[in-house]
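Step one of this worksheet: look at the structure below.
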Amino acid sequence: VLAFQVVAGSFTVVFLSFLRVKLNSVPLGLVYVTFTVVGLGMFLIPIIPGLPVYLTGGIILTDERMAQAYGGGGKGYAMACVVAIGVCFAIKLLAVVMQQKGIGERLGDRVWIRSMVNVNSVTMRSIRFLLTKPGLKPPKIAILVGGPDWPTSVITGILKLNVYEMLVGTLPVLLLIAPTTLAGAFMLKASRATAVGAANALCRETSAISIVDEDTSPWNSIADIGLLLTGLSQGLALV
């Protein structure tokens, strides 16, 4: 259990941080392509959740270079954020198709796949019961949006469900992806604001005014609010 937590948690974050550093000097178009390929590959790994992919998308795809490519300033930054959300959303939908068609349908009869999905558990049997009901009703949409990424998509393949219907039912996941990606973008802004403020920290140490005039960049508060919204949206989706 500890090994899975390290691989799915700490290692994932460290790897995505390493990817961000390596993409600093890469042409912008290649940054989008590389992030899409890597993010999609991580979605296909059963123990890795989508949350770190969305957060890293907000960090990598809203960097200063990206904002400048869309005109710079507030408008360019907002556009970079919108594109980052769109890319993460596209990655999620592509992952749904690949997990359902490539893993669930083709490998669904393998014992190890069924074991990883845990098809005989009470939870997965309940999910299976609701997914096989005709139409896109709230219970089915709730499962497609809030259920665990890999097992949910794979079991739709095992059940041979219609992939187009599954994609339509997954569309509300944008409400989870948007705040998570924006939280990553705001964290990047906050870290840069902190770095700029730290440049004069030594000078302020001996200044009496520094006691009441601390660096209070609004991006720190905005980043905290973004993380709070992420936690609320992810928690509500799980419920």
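The values are calculated or read from the model by the stated rules, or taken from the named source; none is laboratory data. Computed from a prediction, not measured in an experiment: that's the story for all the values here. Don't worry about glycine lacking a Cβ; one is built from the backbone with ideal geometry, like all the others, and counts go over all protein chains shown. Accessible surface areas use protein heavy atoms only, side chains included; no ligands, DNA or RNA. Shrake-Rupley method; radii C 1.70, N 1.55, O 1.52, S 1.80 Å.
Things to note:
- Any chance Gly86 is out of contact with any His (no Cβ under 7 Å at 6 or more places or on another chain), crowded, with 20+ Cβ neighbours inside 10 Å and assigned to a helix (DSSP H, G or I): no
- Boolean, Leu171 is within 25 Å of Ser221 (Cβ to Cβ), modelled with pLDDT of 90 or more and open to solvent by 70 Å² or more (accessible area, probe 1.4 Å): no
- Top-ranked residue of the range 31-50 - restricted to ones that are touching a residue at least 40 places away in the same chain (Cβ under 8 Å) and in a helix (DSSP H, G or I), ranked as nearest to Ser153 (Cα to Cα): Phe43
- Among the residues of the range 51-68, those identified as within 11 Å of Ala84 (Cβ to Cβ) and touching a residue at least 24 places away in the same chain (Cβ under 8 Å) are Tyr54, Leu55, Thr56, Gly57, Gly58, Ile59, Ile60, Leu61, Thr62, Asp63, Met66.
- Conditions (1) aliphatic (A, V, I, L, M); (2) modelled with pLDDT under 85; (3) within 22 Å of Asp149 (Cα to Cα); (4) open to solvent by 80 Å² or more (accessible area, probe 1.4 Å); number of the one not met by Val196: (3)
- Checked against (1) open to solvent by 50 Å² or more (accessible area, probe 1.4 Å); (2) hydrophobic (A, V, I, L, M, F, W, C); (3) closer than 26 Å to Leu19 by Cα, Val111 passes all but a single condition, namely (3).
- Qualifying positions in the range 143-168 - without any contact (Cβ under 8 Å) to a residue 24 or more places away in the chain and open to solvent by less than 60 Å² (accessible area, probe 1.4 Å): Ile143, Gly147
- Residue that is farthest from Ile48 (Cα to Cα) [pool: residues in the range 128-142 that are open to solvent by less than 40 Å² (accessible area, probe 1.4 Å) and more than 23 Å from the chain's Cα centre (by Cα)]: Gly135
- Any hit, the range 95-106, residues being open to solvent by 60 Å² or more (accessible area, probe 1.4 Å) and more than 22 Å from the chain's Cα centre (by Cα): yes
- Qualifying positions in the range 124-183 - over 27 Å from Leu229 (Cα atoms), assigned to a helix (DSSP H, G or I) and not aliphatic (A, V, I, L, M): Arg125, Ser126, Arg128, Phe129, Thr156, Gly157, Tyr164, Glu165
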